[in-house]
């Protein structure tokens, strides 16, 4: 779904899974600084919007999600995962309840599979699942923003800012009064700075929540049964996830960033050493320079110097080994 904000001056379209919104508007670092200062907004209208309404919505979702949501307060934001039977991450949902309906935004390209799964689990529960992507667009206001939210708009507020479920027809008028617009690359740079994983970027077909630090923020360890809970409990008790998320400070003298999937090796073993991980997201940050998130084997020493492809990298611990 192509955003009308791609017609704004300087807009350069994003590619791949983020196609449909702007990667940037001509000045990546200015856009990052604006978001870091609490000004502007990010067009995330390519994300899927799914709602669950009905009297049983919270108790029903509580049975399916990794998060404790049976008593979710009106206006309280949370995030949750849906796991496979083996505990691998299948979906990530960013939620808020408005008193009658749970609103969630999800990664582009995932909503159809998510809705199909939710529909298959309705049984006798009094719930209605709806795809609202055609009618509502997600817009992000950064932390510290004092921009007014249009009346009646559902807001999901976290420490990282506010996600608005804005009527799609109001996108252009919103942009005219809440600028400057910042592109997705600026949003991604701040996400990497805060070590926040993203489904499809930091995950693959075998990722479990412990590897990414999603325990606590998206997984509640004291709630009842849900699919994949056995794996979560076993790894939590043993304390040995096979991989761990790290933050990398990359050699700034390199012209090109090591892209997603770039193999990581221990620098002391040289470029032909054993592969111990791979880059998941790499960005150029307005203050930190070139940085990245990566998954490495759990037993890699936390002080080991690394090579991301041919680029030297110093690691910063995100998930303890």
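Here, each number is a calculation from the coordinates, and none is a lab measurement. For clarity, every value in this text was computed on a predicted model and none was experimentally measured. Heads up, the Cβs are rebuilt from the backbone with ideal geometry, glycines too, and the neighbour counts pull from every protein chain shown.
Going from the residue with the fewest nearby Cβ atoms within 10 Å to the one with the most, 117, 94 rank 117, 94. Note on the chain: along the principal axes its Cα atoms extend 58, 51, 29 Å, ordered by decreasing extent. Its relative contact order, with pairs defined as Cα atoms under 8 Å and 6+ residues apart, puts the range 58-99 at 34 percent.
Within the range 107-141, name every residue whose backbone N is under 11 Å away from a label modeled 7 Å from Cα of residue 12 along the Cβ vector. Once the point is set 7 Å along Cα→Cβ of residue 12, nothing inside the range 107-141 turns out to lie under 11 Å by backbone N. For a Förster distance of 45 Å, can you work out the FRET efficiency between the beta-carbons of residue 2 and residue 303, rounded to the nearest 0.05? E(calc), rounded to 0.05, equals 0.45. Based on Cα atoms of the range 242-321, Rg over Rh with Rh as the Kirkwood radius reads 0.93. With contacts taken as Cα pairs under 8 Å at a separation of at least 6 residues, the chain carries a relative contact order of 19 percent. Give me the Kirkwood hydrodynamic radius of the range 49-131, using the inverse of the mean 1/r over all pairs of distinct Cα atoms, in Å to one decimal. Taking the inverse mean of 1/r over all distinct Cα pairs, the range 49-131 comes out at 12.7 Å.
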